[in-house]
Amino acid sequence: MKTYSEISLQEMRKNEQGYISSLEGGVDFQDKLRSLGVYAGSHIIKRSNSGGHGPAQIEVLGSCLAIGSGMASKIKVKVKMHKLLLAGNPNVGKSVVFSRLTGIGVISSNYPGTTVDVSSGDSMIAGERFTIVDVPGAYSSHGLNKAEEVAAKIVKDTKEAVIINVVDATNLERNLFYTFELAQAGLPMVMLLNKWDIAVRQGITIDCALLGKKLGVTVIPFVATTGEGLNELQEFIKRFLDGAELLPNAQPQDPDERWKLIGKLSSECQVIRHKHASFTERLQAVTSQPNTGIPFAVLVMSVAFFIIRFIGEMLNVYVLDKLYNLLWFPFVSKIFSAVSDGGFIKTFFIGTGPDPLQTFGVLTTGIYIPFVTVLPYIFAFYFVLSILEDIGYLPRLAVLLDSTMHKFGIHGYGVIPIMLGLGCKVPAIIATRVLETKREQTLAAAFALSIAPCMPQTAMIFSLLAPYNIKYTIFAFASILIAGLSASFGLSRMIKGNTPELFVEIPPYQMPMLSVIMRKVYFRIKDFLFEAVPMIIFGIAIISLMDIAGIFRILDLLLAPFMHTMLGLPPETASVMLLGFLRKDVSISMLAPFHLDPSSIVVASVFLTLYLPCVGTFFTTLKELGGKYASLVFLINFAAAVFFSFLLHIVTTIF
């Protein structure tokens, strides 16, 4: 039940054993090591901790050697590698168990050919190295959705591994069906009854010894948030390493027979004592019913929205913007100080001025937009989303809004990117990944981009219209909402396909674990940095080349008649509209010097909000949806921008 993995000597854990596979230094380096008994094929035991900058201490041929960290990194060692599969239903706490068993060095990637994330990481358990795979949550091995298809394939294709079946101790009967299916894999298995502490508080008692005897597996009471049960898991792993027979008992193949057996097991092994409803149970009832759940959802979303805005703005204004202006911009300016102003190289890399939002420098604007403008809101959003996710609120929100969202071709989970779009459009587009089909992702992206401005735009529209009657502010946002809903509804009729029905478990509320939340935030931000940021910087580079080539000046001249004739705006505002591609709120603020009347401000705001997303969102949308579907979203929103802005111009001119 083991394979071998090649790592450097420096990466080996304390007391881990292995065989030297190769020495990557020069001939003199290899000769020196051979003279000490360190050569390809020799058996070694690591006696010092992994990593660090100190010498690596090893035991070889009965002697103890200390090898400098630089030399140790050049020595490759084959170590025994076992595999653990963490498998279970969704919402059973697998991610917290995974967090307990692995460190921060976790790999999260899409399963080949899908958009389903599968995490894996290494850990030393009972003195041996294990690769731990967090199998996507599933109710069945028959693949009712992409996540279940991936889970079934991982279990089926893995020939040598131990299955750690994570079961929700508060919902034993429902979880056992998947346990029976995992038992068919023919792999050693252990069951962790997670959330044991919650089960005890709810008056649930489970006879682990009897349940284990009936199933033929070791059953361990487990509390992932505190680590209770880890010692028992270590003991099980030791038994596995010692060669104990740990295969589960054969289970019925017929689903009806399985459910009969599950009912029998539950009645024999589990006792449930009546307890009065707790506060969280009463809250669950309140937040699940439409008449009370929808007002509660409005409250939760409002609080979440303002937390995201507060954290995002604080990081933007008081941390990242200052770091950019005090450290980064002076640094790149000094590098290019010897290069003549106005030349291609200096203009391309740092632009024509110090303001990164009024120029297109790859090392100024290309850094400022993703890291200063977008990243704070990405962090804030993922932090709040992870809290709502781990508390167990998101499934309830999806259920409450499912009927409404179906009218626009997406199910209830589409509310997540729409909610995010009120703060920043980039995380909103990334959040469309929660939806299963490309059609749903496209419709959700169109919805998120068009029904309301992002938070900075909203603030600028408010400030421009504040001196005038409140009706103009209401008119502006109502017009954007109607235009966005119309565009999204039209797109849902253009893209043929069925809307999948919502199929989601509604878990009980539970206290989130900060370490797990921050781990989720870390990996999601890592995805943004490695996937979205390169696209944004590449986009800025293309725009910079277009600006240097004079293409924007030509577009400015071409758009001027359109601005005046179709929208009733001064021809000079064409440059402001082009700037909107770079930063929407800045372009809206630049309408102030034109001293427009309130009706014209409304028209300009609607057009700027809808005609194109900002550059960061533009290239993120291309990355997430692909050229075909992203183009559909851009075209339908542009058409809505032109039509509704022109209609507003006509209406305001007549009335």
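The values are calculated or read from the model by the stated rules, or taken from the named source; none is laboratory data. Since the model is a prediction, treat every value here as computed from it, not as a measurement. All Cβ positions, even for glycine, are placed from backbone atoms using ideal geometry, and neighbour counts span all protein chains on display. Only protein heavy atoms, including side chains, enter the accessible area calculation; ligands, DNA and RNA are left aside. Shrake-Rupley method; radii C 1.70, N 1.55, O 1.52, S 1.80 Å.
Would a scan of segment 491-508 turn up a residue that is in contact with a Ser or Thr (Cβ under 8 Å, 6 or more places away or on another chain), under 30 Å from Thr225 (Cβ atoms) and not hydroxyl-bearing (Ser, Thr, Tyr)? Within segment 491-508, one or more residues are in contact with a Ser or Thr (Cβ under 8 Å, 6 or more places away or on another chain), under 30 Å from Thr225 (Cβ atoms) and not hydroxyl-bearing (Ser, Thr, Tyr). Scan segment 117-126 and give yes if some residue there is more than 17 Å from Gln10 (Cβ to Cβ), among the β-branched types (Val, Ile, Thr), at pLDDT below 85 and over 19 Å from the mean Cα position of the chain (by Cα), otherwise no. Yes, segment 117-126 contains at least one residue that is more than 17 Å from Gln10 (Cβ to Cβ), among the β-branched types (Val, Ile, Thr), at pLDDT below 85 and over 19 Å from the mean Cα position of the chain (by Cα). Among the conditions (1) within 21 Å of Lys195 (Cα to Cα); (2) surrounded by 15 or more Cβ atoms within 10 Å (Cβ to Cβ), the only one that Gln251 does not satisfy is (1).
Assess whether Gly423 counts as being touching a helix residue (DSSP H, G or I) at 6+ places or on another chain (Cβ under 8 Å) and outside any helix (DSSP H, G or I). Criteria met by Gly423. For Ile548, state whether it is closer than 27 Å to Thr620 by Cβ, open to solvent by less than 50 Å² (accessible area, probe 1.4 Å) and β-branched (Val, Ile, Thr). No. Criterion applied to Phe296, Phe305 was being surrounded by 13 or more Cβ atoms within 10 Å (Cβ to Cβ), within 31 Å of the chain's Cα centre (by Cα) and free of Cβ contacts under 8 Å to residues at least 40 places away in the same chain, and the one residue passing it is Phe296. The requirement of being assigned to a helix (DSSP H, G or I), among the polar types (S, T, N, Q) and surrounded by fewer than 18 Cβ atoms within 10 Å (Cβ to Cβ) is fulfilled nowhere in segment 362-373; no residue meets it. Considering segment 377-403, the residues that are over 15 Å from Val286 (Cβ atoms) and of a type in the set (Gly, Ala, Ser) include one that is most open to solvent (accessible area, probe 1.4 Å), namely Ser403. Restricting Val606, Val651, Val615, Val633 to those that are closer than 24 Å to Ile470 by Cβ and touching a residue at least 24 places away in the same chain (Cβ under 8 Å) reduces the list to Val606. If you take just the helices (runs of 4 or more DSSP H) that sit entirely in segment 180-251, which of them hold at least 2 residues that are within 21 Å of Lys83 (Cα to Cα)? Passing ranges, in order: 230-241. Can Ala72 be described as out of contact with any Asp or Glu (no Cβ under 7 Å at 6 or more places or on another chain), at pLDDT 80 or above, open to solvent by 30 Å² or more (accessible area, probe 1.4 Å) and more than 30 Å from Leu182 (Cβ to Cβ)? Considered against the rule, which asks whether it is out of contact with any Asp or Glu (no Cβ under 7 Å at 6 or more places or on another chain), at pLDDT 80 or above, open to solvent by 30 Å² or more (accessible area, probe 1.4 Å) and more than 30 Å from Leu182 (Cβ to Cβ), Ala72 comes out as no. Among the conditions (1) buried (at least 17 other Cβ atoms within 10 Å of the Cβ); (2) not in a strand (DSSP E or B), the only one that Ala40 does not satisfy is (1).
Being in contact with a Ser or Thr (Cβ under 6 Å, 6 or more places away or on another chain) and not β-branched (Val, Ile, Thr) is the requirement here; does Ala487 meet it? So Ala487 fits the description; yes. For Phe475, are the conditions met, namely being open to solvent by 30 Å² or more (accessible area, probe 1.4 Å) and touching a residue at least 40 places away in the same chain (Cβ under 8 Å)? In short, yes. Whether a residue is touching a Leu at 6+ places or on another chain (Cβ under 7 Å) and either closer than 30 Å to Phe177 by Cα or open to solvent by less than 70 Å² (accessible area, probe 1.4 Å) (or both) was assessed, and Lys94 passes this test. Total residues in segment 155-179 satisfying the condition of being part of a helix (DSSP H, G or I) and either within 29 Å of Gln510 (Cα to Cα) or of a type in the set (Val, Ile, Thr) (or both): the figure is 12.
Going by the conditions given, is Ser333 at pLDDT 85 or above and not in a helix (DSSP H, G or I)? In short, no.
Residue count for segment 607-632, restricted to those that are touching a helix residue (DSSP H, G or I) at 6+ places or on another chain (Cβ under 7 Å), farther than 17 Å from His564 by Cβ and part of a helix (DSSP H, G or I): 16. Within the span defined as segment 481-492, every residue fails to be surrounded by 13 or more Cβ atoms within 10 Å (Cβ to Cβ), β-branched (Val, Ile, Thr) and touching a helix residue (DSSP H, G or I) at 6+ places or on another chain (Cβ under 6 Å).
Of all residues in segment 53-69, those satisfying the criterion of being free of Cβ contacts under 8 Å to residues at least 40 places away in the same chain, touching a Ser or Thr at 6+ places or on another chain (Cβ under 7 Å) and open to solvent by less than 60 Å² (accessible area, probe 1.4 Å) are Gly54, Val60. Might you let me know whether segment 233-250 holds any residue that is among the aromatic types (Phe, Trp, Tyr) and either within 17 Å of Met191 (Cα to Cα) or at pLDDT below 90 (or both)? Yes, because at least one residue in segment 233-250 is among the aromatic types (Phe, Trp, Tyr) and either within 17 Å of Met191 (Cα to Cα) or at pLDDT below 90 (or both). Among the criteria (1) surrounded by 15 or more Cβ atoms within 10 Å (Cβ to Cβ); (2) assigned to a loop (DSSP other than H, G, I, E, B), the one Ile20 does not fulfil is (2).
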